Amino acid sequence: MNANAVNIPAGCTLCPRDCGVDRTVAAGYCKSSDAVRVSLHQLHFGEEPVLSGTAGSGTIFFSHCAMRCVYCQNYRISHEGRGTVRSAEELCGMMLELQELGAHNVNLVTAGHYVPSLVSSLRMARKQGLEIPVVWNSSAYEKPETLRLLQGLVDIYLPDFRYYDPAAAARYSGAPDYPSWAKKAIMEMYRQVGHLSVIDGMAARGIMIRLLLLPGHAGAVRNTLAWIRDALSAETWVSLMGQYCPVFRAHDFPEIDRQITEQEYRLCRGYLDELGFENGFVQEAGSSADYTPVFTD
Ligand code: SF4
């Protein structure tokens with residue numbers, strides 16, 4: 001076992017890929033070994049206003065990913081695995097450093113394939129004075145039993161709900177079972193933390209669900225929002241993301257080799273009103289930073 005690894009199971013079944021590989025000697029679908037690899041940690045000002053605030057969100061980007069979407073804008077990190085192996089102590093130190101820099105929260109980006117190691121670092125950081133909320137920023141392609149390991153350690157869940165349609169999940173992420181796992185994962189996240197509570201303009205605890213608008217998939221966005229309303233209620237905080245840009249292997253898929261249109265954007269914006277959502281944000285089409293509140297009256 002790598003000296004930096006903490007309790008990654010010998011036959012890894014952490015996520016729905018269920019590779020069953022021994023990560024001390026082989027890589028599964030996510031390509032990660034048993035050692036935690038971090039690409040970068042920094043203050044990030046492009047998250048939703050309740051996360052970035054004025055001082056920034058303390059993001060830690062983890063290398064590799066179990067989704068590996070063909071249009072991933074972070075493909076150098078997720079697919080190519082750029083990053084450096086970090087020990088549990090170093091990871092703990094990053095969290096405390098981000099707090100020291102004034103971050104409103106520690107934002108763990110795509111860390112699902114490292115959960116056991118993260119549990120260890122988070123416990124260590126809390127003992128050493130980490131007080132700001134911890135955000136779990138994920139694809140939602142996660143098992144409830146793995147998420148249960150994070151109970152009491154994560155304050156804010158920030159899952160994507162990427163696909164409603166299994167065929168789209170299969171085509172762009174090789175994961176036809178994504179919709180069923182994402183629904184189960186989101187229910188578990190909600191069970192742990194409930195609806196988002198915002199104190200003095202900053203997220204303190206709860207769940208906010210992100211929906212990336214993919215070209216030609218406005219109908220799926222409506223279906224996803226309807227599921228969220230029925231499963232969790234229209235009180236749920238949602239974040240409609242219009243930043244999609246065709247990068248990486250998106251050029252091999254003509255139907256998504258473009259940005260979303262103004263019409264698609266307006267359609268999805270309208271679904272929020274139609275289905276009664278009042279909490280959350282809408283990101284301007286083609287922008288990665290301009291958010292407006294869902295409820296603007
Ligand atoms: S975390 Fe990686 S190795 Fe483990 S089951 Fe998922 S994809 Fe496979």
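No value in this document is a laboratory result; all are computed from the given coordinates. The structure presented is a predicted model; accordingly, all values stated were derived computationally and were not measured. Neighbour counts run over all protein chains shown; Cβ positions are idealised from the backbone, glycine included.
The relative contact order of the chain comes to 15 percent, based on Cα pairs under 8 Å that sit 6 or more residues apart. Going by neighbour counts of Cβ atoms within 10 Å, the residues 113, 195 line up, fewest first, as 195, 113. Spin-label pair residue 198-residue 123: with each label point 7 Å from Cα along the Cα-Cβ axis, the two points sit 3.5 nm from one another. Taking amide hydrogens as placed 1.01 Å from N in the peptide plane, the amide H of residue 205 sits under 5 Å from those of 197, each at least 5 positions away in sequence or on another chain. Dipole check for the chain: with +1 at the C-beta of Lys and Arg, -1 at the C-beta of Asp and Glu, and the Cα centre as origin, the magnitude is about 820 Debye. Ordered by the count of other Cβ atoms within 10 Å of each Cβ, fewest first, 161, 45, 281, 62 give 45, 281, 161, 62. Annotation: the residues 172, 114, sorted from fewest to most other C-beta atoms within 10 Å of their own C-beta, follow the order 172, 114. When the charge dipole of the chain is built from unit charges on Cβ atoms (+1 for Lys and Arg, -1 for Asp and Glu) and taken about the Cα centre, the candidate among 182, 26, 225 whose Cα reaches farthest toward its positive end is 26. With the highest mean first, a sort of the peptides 101-108, 252-259 on other beta-carbon atoms found within 10 angstrom per residue produces 101-108, 252-259.
Per-residue ellipticity at 222 nm, computed for the chain from helices alone with -39500 (n - 2.57) per DSSP H run of at least four residues, works out to -9000 deg cm²/dmol.
Using θ = phi - 60° in the Karplus curve 6.51 cos²θ - 1.76 cosθ + 1.60, the 3J(HN,Hα) couplings for the stretch 42-48 round to 6, 6, 10, 10, x, 7, 4 Hz; x is entered for Gly and Pro.
Given their separation in residues at 0.36 nm each and the Cα-Cα distance between them, residue 223 and residue 278 gain 18.1 nm when the chain is fully extended.
Straight-distance candidates among the aspartates and glutamates for linking to residue 183, with alpha-carbon spacing under 13 Å and chain neighbours fewer than 8 residues away dropped: 142, 160, 165, 230.
Within the stretch 37-293, antiparallel bridges make up roughly 35 percent of the DSSP beta bridges whose residues both belong there. Computed from the C-beta positions of residue 73 and residue 170, the FRET efficiency with R₀ = 22 Å rounds to 0.60. In straight-distance terms, cross-link reach from residue 31 covers every one of the lysines whose alpha-carbon lies under 23 Å from its own, apart from those fewer than eight places away in the same chain; here that gives 143.
Rg of the Cα atoms in the chain, relative to 2.2 N^0.38 Å, amounts to 0.95. When peptides 135-141, 215-221 are ranked by their average number of other Cβ atoms within 10 Å per residue, the highest-first order is 135-141, 215-221.
Packing, taken as the mean count of other beta carbons within 10 Å per residue, orders the peptides 272-280, 19-27 from highest to lowest as 272-280, 19-27.
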